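Worksheet: one structure, shown below.
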Amino acid sequence: MNYQLLSYPLDVKDPGFPGEPTLTYDICTSTAQGDVYNSAIIHLFNHFGTHFDAPKHFNPNGLSITELPLTQFIYEKPLLIDVPKTAGTLIEPEDLEPYLAQIQQADGLFIRTGLEQLRVDDPQQYAANGGAVSIQAAKYLIDHASNLKAIGFDFISLASPANPDHGVEAHQVMLGMYKDNFICIIEDMKLSQLNNKTLKRVLAMPLLVKGIDSAQVTVLAEGV
């Protein structure tokens with residue numbers, strides 16, 4: 001089996017959601033400065049970089065990252081779909097409808113819009129005017145895709161400053177605030193090199209910190 005990394009290494013230079021903290025670190029000890037070992041204190045906002053939104057992020061009665069079962073992070077029937085989008089546009093139900101039969105068989109849905117390139121070319125545009133999922137699309141998946149454990153995509157967040165009216169409610173819908181089922185969310189993924197024909201399984205390995213809603217995640221795709 002071959003493995004492909006679908007998450008970004010955390011970098012202090014990477015864009016974050018506008019107005020939110022990102023990542024900093026302080027060097028504690030350094031062999032370059034004469035210490036016998038290297039160490040650092042990391043200050044990390046839990047919704048920066050590739051991360052996993054558990055239900056508690058927007059649902060006060062939802063599960064936190066450490067309360068989810070391990071099976072929530074393993075996708076034996078992953079599906080990659082291509083939905084080309086430009087900056088500031090929304091994923092809508094009509095983008096998902098042609099794939100509905102496949103989506104209903106999947107346990108992990110990964111949406112490739114092409115906006116990943118914007119992360120490289122114009123990081124601030126990627127953060128401030130990226131893609132997003134509409135309220136209607138969130139409801140469409142909750143209502144029609146009961147097998148889905150998670151949805152992931154190549155833009156910075158399910159919400160976007162370009163479409164502020166959709167951000168909160170789309171998260172609430174997806175994370176189970178209005179119905180018994182929920183779909184977790186993996187934001188800011190690397191999907192450009194993923195091949196649906198050889199994709200066999202996806203593993204999402206979150207940073208497990210008790211007491212927090214969500215966390216950074218390392219995502220691996222397994223293929224042949």
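Per-residue ellipticity at 222 nm computed for the chain from its helices equals -4500 deg cm²/dmol, with DSSP H segments shorter than 4 residues left out and the rest contributing -39,500 (n - 2.57). Computed about its Cα centre, the charge dipole of region 111-224 is approximately 480 debye, with only Lys, Arg, Asp and Glu carrying charge at their Cβ. Once you reduce region 197-216 and region 116-176 to the center of their Cα atoms, the two points are 17 Å from each other. Return the carbon/sulfur percentage of the accessible area of the chain, one whole number, probe 1.4 Å, all protein chains in place. Solvent-exposed carbon and sulfur of the chain make up 52 percent of the total.
For region 108-224, the solvent-accessible area of protein heavy atoms averages 40 Å² per residue (probe radius 1.4 Å; ligands and nucleic acids excluded). Between 0 and 90 degrees, the angle of helix 135-144 with respect to the longest Cα principal axis of the chain falls at about 70 degrees. Here the chain is assigned +1 on the Cβ of each Lys and Arg and -1 on the Cβ of each Asp and Glu. Its dipole about the Cα centre then comes out at about 520 debye. In this calculation the C-beta distance from residue 86 to residue 209 is compared with R0 = 45 Å, giving a FRET efficiency of 0.80.
Straight-line cross-link reach from residue 139 at under 19 Å between alpha-carbon atoms covers these aspartates and glutamates, not counting any fewer than eight positions away in the same chain: 53, 92, 94, 95, 97, 107, 165, 169, 180, 187. When the chain is described by a simple charge dipole with +1 on each Lys and Arg Cβ and -1 on each Asp and Glu Cβ, the residue from 45, 109, 161 located farthest towards its positive end is 109.
Using a Förster radius of 41 Å, what is the FRET efficiency between residue 146 and residue 125 based on their Cβ-Cβ separation? Nearest 0.05, please. So, using R0 = 41 Å, E works out to roughly 0.70.
Taking the chain as a Gaussian network, Cα atoms linked when under 10 Å apart, which of 21, 161, 78 shows the biggest mean-square fluctuation? Comparing 21, 161, 78 in the GNM, the peak value goes to 21. The Cβ shell under 15 Å around residue 125 holds other residues with a net charge of -4, Lys and Arg each +1, Asp and Glu each -1.
Too long at a 22 Å Cα-Cα cut-off: which of 77/197; 56/179; 56/190; 179/200; 85/190; 13/56? Among 77/197; 56/179; 56/190; 179/200; 85/190; 13/56, the Cα-Cα distance tops 22 Å for 56/190; 179/200; 13/56.
The values are calculated or read from the model by the stated rules, or taken from the named source; none is laboratory data. Computed from a prediction, not measured in an experiment: that's the story for all the values here. Neighbour counts are summed over all protein chains in view; Cβ atoms, including those assigned to glycine, are modelled from backbone coordinates with ideal geometry. Please note that ligands, DNA and RNA were not included when accessible areas were found on the heavy atoms of the full protein model with its side chains. Shrake-Rupley method; radii C 1.70, N 1.55, O 1.52, S 1.80 Å.
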